[in-house]
Each structure stands twice: as structure tokens, then as C-alpha cells.
Amino acid sequence: MQTPPWPPVRTRSLVVAAGALVAVPVVGVLLALTAFSSVPNGHARLTAPQAEAVPANALVNTGFEDGTQGWKAQGGGQVRPSTTAAHGGRHSMLVTGKDGKRPGASLDLAGKLRPGTVYGVSVWLRLPAHDPGAKLRLGMSWGWASAVQDTVLTSADVTADGWVRLEAKYTPVTAVDVLTADISPVSGDGEFHVDDFTVVPLPDRPQVTVPSLKEAFGASFEIGAAVGQQQLAGMEADLLKRQFGSVTPTNALKWTATEPQPQAYRFAAADAIVDFATANGMKVRGHTLVWHNQTPDWVFLDPAGKPMTPTAENKALLLQRMESHIAAVVGQYRGRIQTWDVVNEVIADDGTMRASRWYQLAGLDFIKRAFQAARIADPAAKLCVNDFNLSQPTRRDAMYQLVSTLKAEGVPIDCIGDQTHVNIAAPTAAQVSAALEKFARLGIDQQVTELDVSVYTDNTSVYTTVQPALLARQAAQYQALFGVYLKHRDKISSVTFWGLADNDSWLHTYPIPRTNAPLLFDAGLAPKPAFWAVVGDRPAN
């Protein structure tokens, strides 16, 4: 599957004292169901200018009575104090554009927020007189110097007629290097006023007894999650150990991560994940050995450094490189990784073989030789062919024919992995069931390898917040899927989610940047309606 580039390692946190503020930046996540005070999350309300008491426990309060108070311009804009308009007091901050660029402003929050605490974030916005209107958004940028992500908390239409309040909840979960609050236009490119920005810690959420997925389904099939090295500490590690019985490294075992240059192997990131799994009694799925994505360019260059053409010599060289890579990577984890996605995404949507560089240069031999090399490297490991949309009849039938043909030739394929990146509307339970039943005729194992349920049904819609109605539809889809899996538990050995929680999902950036919520746990690591739909009714407490 397509995933963002390998993420950098998050730095370790330093807690200065019991009950003291954690003196590190943290990654924050939006809680999409409720908001602080009495309004829904993502809420914006129009009001007349008025002074409001700042909560005594506010960690951040910028009213701009003594300058811009740490706010900086972004996107080529400029920021300065203004007395033209004010929500409280006499000053606001005026954000202006420059050289035709949309203006924006940001405030560094590094070191101010405690992991696991829920915060209310609020700001008042207004346009200068005679401005026709704009849509402004409040967000958080978080991550690392080399990979910063942007999370939209909420947005609203803003005019010159009155002040509009944007407010949302935000929960940090672990340490990062970058954390800033951002205000910028979604539409319109004029000036805007900012006033009374606050960040306030909110009361703890009520504790709810949460059952364990791995215990709920352990008698039927293994439950796993795809993770990066960043999920191996803090609240995320606790959730991982409590809920899941296996892990899949999202990127750490792909070719670009393990062998970026010929014979220059790097295993530190994958070692960390495998060591974590071993220490906690968890199994590991190895993803992935051969794929048309995230493979270094050098793999497809001839001895002269030019792109390979389909010749016998180039085919032999390519297969030798592939076999060497598989021997090294699988050999590194022999006996410690129980299952491997040997080849990934080899079927095209029309049912033909994907015209990848692998297939163009080596035909079906790249698949045959890959499985043979993996079997030699670890005879005990289960070897899978992994692909997506296998509930679609054309792709399903093509995979069936491919595996049937290769097994008849003695290729050691042990299982079919169905990625199962689906959405709230499709596929149907009947389509999923039909695929499981057809592949069962091959007499091999089946695994759900990359499960998530997008709240979008197209590639263009964008939600600033995910509404309860969408989460209800998602819960129904998850419930339908697990109903099928339980019905066919004799055919399935594992179900793996492509991610741990909504704070870290590839669907925030694919197919376009947008807020998504595809997993069972929300951005604050709390169970969602989909979780309860899967494991049963939520307890009264």
C-alpha cells in the first residue's frame, strides 16, 4: 500500500517532576466529538465584542495588549498589534498579506502541553471593515524538523460584522520536536484580526472499562496493528500492548528503509519494533519485501548506471539483487518474524498483471523467485502475496488465478493478504464474504493485512471535523466486516489494522490532505463508536 515516507524517530521525553509540566514538545491530536464549554467541537459563533474573564488555569493567553506576544507571521504575511478592532481590551493582532500571498500566523507551543491531557483551544477572529469575507482555520502543526504534519482543528466563515470564536479540543499523546498553533485562510486572501487566544487544560474524561481486542477475538484470529518506531513509547505503547497481539512495521522493513544503497543495510528501526514485539509476547508481520513503490532507483539500473531495459542480462541482475535483498532481510529476522508479505500489489485494476518495473523486466519470475528466496531464508515463516480491493470481482478472480497457477508450479505461497482499505459505503459484506469463500478453494491461509475504514466515499471531499453521523456509519461498516470475519474464522488467521489510532494514519495525506478518522481509536487514543460496534455494547460506567 502507499504510505508516507519513513518517519523520523521521536525524541524521548523528560518529565521534570511528578505533577510537573513535561518540558518537551508533544504531538497533539484533535478529539472530534465534543468541545470544551457548552458548544460542539469545531464550533464557531458570532458575537458582539465583549471582554471575557480568562480562566485562571489558562496555560496560554495572548490578548495582544503588549505586542504580538510570540506570534509570528507565516506564508509571507506580517503581524502587528492593532487598535482598529479588539475583542477584549484595546488591542488585537492584525495579520496582513505580502506580495499577493495569503497571510497566516503561528504561535510556538513547544513544551507547554502535557501528554495525555485534554486542552481547550480558543481564538476570536474578525475581518477589517469592508472586507467581503473569508474562511479562516485554526490548526496545529506537529512532528519533527524533517516531517511536520498539519492538523485542522476547525474553521469558519469570518466577516467584518462581528467577532467569531473558533474552539476545539486537543490532546497531546507523545513527544515531538515541533508544535505550533496556526491560523490561516482557507479562502480569501485579505487581512484579519486575531484576539484572545487561549489554551486551557480541561477536566479528565470519565474512565471507561475498555475490553481488549486481542482477548475478544483471540479464539478466532489474531488482532494486529501497523506501527512505526514512534508508537513504541508512552500512551501509544500502552494501547498497543493492551489491545493487539501482533505488529506490522509500516515502513521500517521496506526496501528504501532497509537497503537504500547496495549492500548498505539498515535495521535499527525494524529492530526496535521487532524487539518491542518480542519483549511483549507479540507476533510480527514483515511488510514488505518486493513492491513497485519505495524501492530505491539503483535496483533498476544496469551496470552502466542507466535504467534497465528488458534483456536477459538485466533480468538476471535484477533477480540476483532481489534474492540477495530477501536473503539479508528475512535472514536478519529468521525465527522472529512469523509472516512476510513477500510481494505486494501485483494485480492491476483490470485483472492483468501490474505493469511494474519488476514485471516489465522479469515477468512472473520475480514473484516465483521472491517466494523461493524467502522460503530458503526462513523455512518456518508464512509467506503471503498481499494486494488491495480483492473484494472486487475482477481483482479477486485475477488473484485467484495467479495463486492457483503459481502453486501448481510449486511456488511456496502460504497465504493471501487482503489489505482491506475500505470506506463507510463499500464494499458490502456479501462482496467480502465472496472473496473469502473463493480463496478458500485454494487451500491456503487468508489474512486481513491493512484494515481501515475511511469516512470519505470519494477523493475530493474535505471535512474540517468528522461528525457523529459519519462515525455511526463507520461503526456499522466495521461491525459488518467483523461479522463476516467471525463467520469465516476457519479461513482467516489474522486481522491487522493499518494504524494504531486516528492521530497517525496515512489517510490524512492520501489521496489528498484532509482530516480522516479511519481506525477504532480516536486521535486521543480513546475507543470510538466503531470499537464498541466491534467488541460489543459499551458498558454503563
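Key figures
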read-out	value
Counting DSSP beta bridges with both ends in the chain, the antiparallel % (nearest 5)	65 percent
Nearest-20 debye value, the chain charge dipole, Cβ charges on Lys, Arg, Asp, Glu	640 debye
Extension gain (nm, one decimal) between ALA408 and ASP161, 0.36 nm per residue minus Cα-Cα	81.5 nm
If the convex hull is drawn through the Cα atoms of segment 288-339, its volume per residue in Å³	90 Å³
Relative contact order (percent, whole number), the chain, Cα cutoff 8 Å, 6+ residue spacing	14 percent
Rg(Cα)/(2.2 N^0.38 Å) for segment 431-534, N = residue count	1.15
Model label zone, ARG334; criterion: amide N under 16 Å from point 7 Å along Cα-to-beta-carbon; scope segment 239-268	none
Evaluated at q = 0.19 Å⁻¹: base-10 log I(q)/I(0), Debye formula over Cα of segment 192-257	-0.86
Protein accessible area in the chain, 1.4 Å probe - carbon and sulfur %	52 percent
Integer Hz, Karplus 6.51/-1.76/1.60 couplings in order for segment 514-528, x for Gly and Pro	5, 6, 10, 8, x, 10, 7, 10, 6, 5, x, 6, 8, x, 9
Those aspartates and glutamates that a straight Cα-Cα span of less than 12 Å connects to LYS487, excepting residues fewer than 8 apart in one chain	GLU437
Label point at GLU437 placed 7 Å out along Cα→Cβ; residues across segment 465-498 whose backbone nitrogen lies under 12 Å	488
Average accessible area per residue (Å²) across the chain - probe 1.4 Å, nucleic acids and ligands excluded	40 Å²
Packing-based order for 216-229, 296-309, 514-527, using average beta carbon neighbours within 10 Å, highest first	514-527, 216-229, 296-309
Under 5 Å, built H, 5+ apart or other chain: amide partners of THR339	VAL284, GLY286, LYS382
Dipole magnitude of segment 423-541, debye to nearest 20 (Cβ charges: Lys/Arg +1, Asp/Glu -1, about Cα centre)	300 debye
Value of Rg/Rh across the chain [Cα atoms, Kirkwood radius]	1.02
Shape category assigned to segment 147-264 from the gyration tensor of Cα positions, a/c cut at 1.5	oblate
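The values are calculated or read from the model by the stated rules, or taken from the named source; none is laboratory data. Predicted, not measured: the structure shown is a model, and the values here were computed from it. For neighbour counting, all protein chains shown are included, and Cβ atoms are generated from backbone atoms with ideal geometry for every residue, glycine included. Surface accessibility is based on the protein's heavy atoms, side chains included, excluding ligands, DNA and RNA. Shrake-Rupley method; radii C 1.70, N 1.55, O 1.52, S 1.80 Å.
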